[in-house]
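Here's the structure we're looking at; comments come further down.
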Amino acid sequence: PPNPRLRTMQRDPWLEDLRGLTGRLGLYGGSFDPVHLAHLEVARSAQRALDLDRVIFLPTARNPMKPRGPRASDEDRAAMLRLALAEEPGFYVSPL
């Protein structure tokens with residue numbers, strides 16, 4: 001039988017911005033605390049080098065290289081990413 005958790009996740013309205021994405025997708029994870037120009041340049045370079053149609057940024061809960069964790073809240077880091085990516089075609093912030 002189908003996984004009930006997956007079925008529930010597929011109906012969540014906050015996933016709507018990622019529904020229907022097709023083509024070559026790249027995933028870019030990090031704490032993005034804060035997001036900065038180097039993050040954007042890495043994503044642009046990967047997009048060009050790998051001929052990606054979309055790059056999906058995945059803000060993580062904790063960067064293993066920073067033992068004290070992010071200083072900004074999850075919501076603030078997602079908001080910072082949305083602002084930074086607003087003018088970047090093909091770049092998305094994952095709500096996951």
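Things to note:
- Computed E for D53/D74 - FRET, C-beta separation, R0 30 angstrom, nearest 0.05: 0.65
- Residues with amide H under 5 Å from that of G26, placed H, sequence gap 5 or more: R54, V55, I56
- Based on protein heavy atoms only, the range 29-96 ends up with 64 Å² per residue of surface accessible to a 1.4 Å probe.
The values are calculated or read from the model by the stated rules, or taken from the named source; none is laboratory data. Because the structure is predicted, anything quoted here is derived from the model rather than measured. Every residue, glycine as well, gets a Cβ built from its backbone with ideal geometry; the counts of neighbours run over all protein chains shown. The accessibility values were calculated without ligands, DNA or RNA, using every heavy atom of the protein model including side chains. Shrake-Rupley method; radii C 1.70, N 1.55, O 1.52, S 1.80 Å.
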